[in-house]
Amino acid sequence: NRIKKKDDNVLEIPSIPNPFPELCCSPFASVLSASLLPKATSRKKQVIKVYSEDDTSRALEVPSDITARDVCQLLILKNHYIDDHSWTLFEQLTHTGLGRAIEDHELVMEVQSNWVMEEENKLYFRKNYAKYEFFKNPLSFFPDHMISFPSETDAAVSHTGILQMFLSSSTYPEIHGYLHAKEQGKKSWKKLYFLLRRSGLYFSTKGTSKEPRHLQFFCEFSNSDMYMSLTGKKISGAPTNYGFCFKPNKSGGTRDLKQLCADDEQSRTCWMTAIRLLKYGMQLYQNYMQPYQGRSGCSPLNITSMRSISENSLVAMDFSGDRSRIIENPTEALSVAVEEGLAWRRRGCLRLNSHGSPIAMSNMGMSIHRSQSWFHHKISREEAQRLILQHGLVDGVFLVRDSQSNPKTFVLSLSHGLKIKHFQIVPLEDDGKLFYTLDDGHTRFTDLIQLVEFYQLNKGVLPCKLKHYCARIAL
């Protein structure tokens, strides 16, 4: 009884919080929030398989409630990749030729639970630069001829205001335009006038009439997911290559798909972006803002990329004379940088080979690009367009490939204005030296690396600078 009373007295004393809890942790423990530890031990683990662009794969044991963003973060850490907030988990339905970027907040196990066992569906880990591009550049995503506003709204609405209307619960802009729809149970397609409203997607039974008696309901989005057609006209027989569809979460097969097709990429992008905003609303904006949480000076819908260390703290210097000086003229600074780059290449190319003789500059220039991530050896024009489309049709997404029509030349494939353009890189020989050019010899480069680095800094004859390269990553 004495012992029991003594224990009761001890229990009545309030516990004193530890002021230095971090000193009690094992130095080998993971850096995790204490509130997460009990959940982590009780959650069930499952194995998922994730593929990369070169079809290598990796099996991961993950909790059953893991999100797509968490899977991406896990793969970034395991493979030591740079996190630029553009990594995406992509769902590909092999049998139907459909695919979509899984939203960052979606649960991966819920996505896989909708798969049919017989189908070889896959999860891909890849870049998607267009994932949240509409928050940064709404002008490219919502053309004026496809969008209209409620009558009580002022006619002059800024593009930032358009996004705020999409995210609000009271008002919603109307998206309208022609789409090709596949008739249910038939192989034929019919061109109809569609309208996207908060209650769902409708089409008009009488031309472009918006009267309620002429509008027929087509689809709502709460119990279905939106996919992009990856095979173009091959499987569905669509009139164009810009197809997308709605697939119910518990689908019985292709007969339940509601398939649509746009006339061009800009139209398809507008429809799909507006439907994403309609379905997920503020959740999309929170996904977009999450990497910037805690950064000072970040305001909604006005996020700019952080400047690099070189832009903030380094200056151009000239060490050629007796005393060093700062180069204030930008033109002079650029020419000095180019000259230093050429000198570096000359020093690097004059290494000795196995026989003790210098490697020829021309031979080095012909093969040095093959180790670069942006170079794709022998791929077709269609394959190049597919790769760029997967990485997102943002201005400046590019790759360099061998030309199939002319074995001695190369092709620069570049995304601009929601279109993919191809520019031929021609080799020139002058005074026994080999150069590469995009503009008939007006600007010459000793190798493809120098050419790409130049157009990353200067637009030149291209419609925009080279910003993001397409790479085949390996897991």
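The table below lists the values:
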| read-out | value |
| --- | --- |
| Per-peptide average of other Cβ atoms within 10 Å, ordering 172-181, 446-455 highest first | 446-455, 172-181 |
| Prolate/oblate/rounded call for the stretch 123-272, Cα gyration tensor, a/c under 1.5 rounded | oblate |
| Residue pairs, from the table LYS190/LYS234; LYS279/LYS421; LYS122/LYS234; LYS233/LYS465; LYS279/LYS467, whose Cα atoms sit over 22 Å apart | LYS279/LYS421; LYS233/LYS465; LYS279/LYS467 |
| Long-range amide H partners of ILE379 with built H, under 5 Å | ASP402 |
| Simple spin-label estimate for THR208 and ARG370 in nanometres, 7 Å along Cα-Cβ | 5.6 nm |
| For the stretch 392-467 versus the stretch 103-126, the gap between their alpha-carbon centres in whole angstrom | 37 Å |
| For GLY177, distant residues with modelled amide H under 5 Å away | PHE194 |
| Taking only Cα atoms of the stretch 45-127, radius of gyration then Dmax in Å | 12.1, 36 |
| Tail weight of P(r) past 19 Å, computed on alpha-carbon pairs of the stretch 371-469, percent | 38 percent |
| Relative packing of 419-427, 77-85, which averages over residues the other C-beta atoms within 10 Å, highest first | 419-427, 77-85 |
| Cross-link pairs beyond the 27 Å C-alpha cut-off, checked among LYS78/LYS459; LYS127/LYS247; LYS186/LYS247; LYS127/LYS186 | LYS78/LYS459; LYS127/LYS186 |
| Cα-Cα pairs of the stretch 160-224 separated by more than 16 Å (percent) | 54 percent |
| Long-range amide H partners of PHE218 with built H, under 5 Å | LEU201, TYR202, PHE203 |
| Heavy-atom accessible area order for TRP87, TRP115, largest first, 1.4 Å probe | TRP115, TRP87 |
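The values are calculated or read from the model by the stated rules, or taken from the named source; none is laboratory data. Everything numeric in this text was worked out from a predicted model, so none of it was measured. Glycine also receives a Cβ, built like all others from the backbone with ideal geometry; neighbour counts cover every protein chain displayed. For the accessible areas, the whole protein counts, side chains as well, though only heavy atoms, and no ligand, DNA or RNA atoms are used. Shrake-Rupley method; radii C 1.70, N 1.55, O 1.52, S 1.80 Å.
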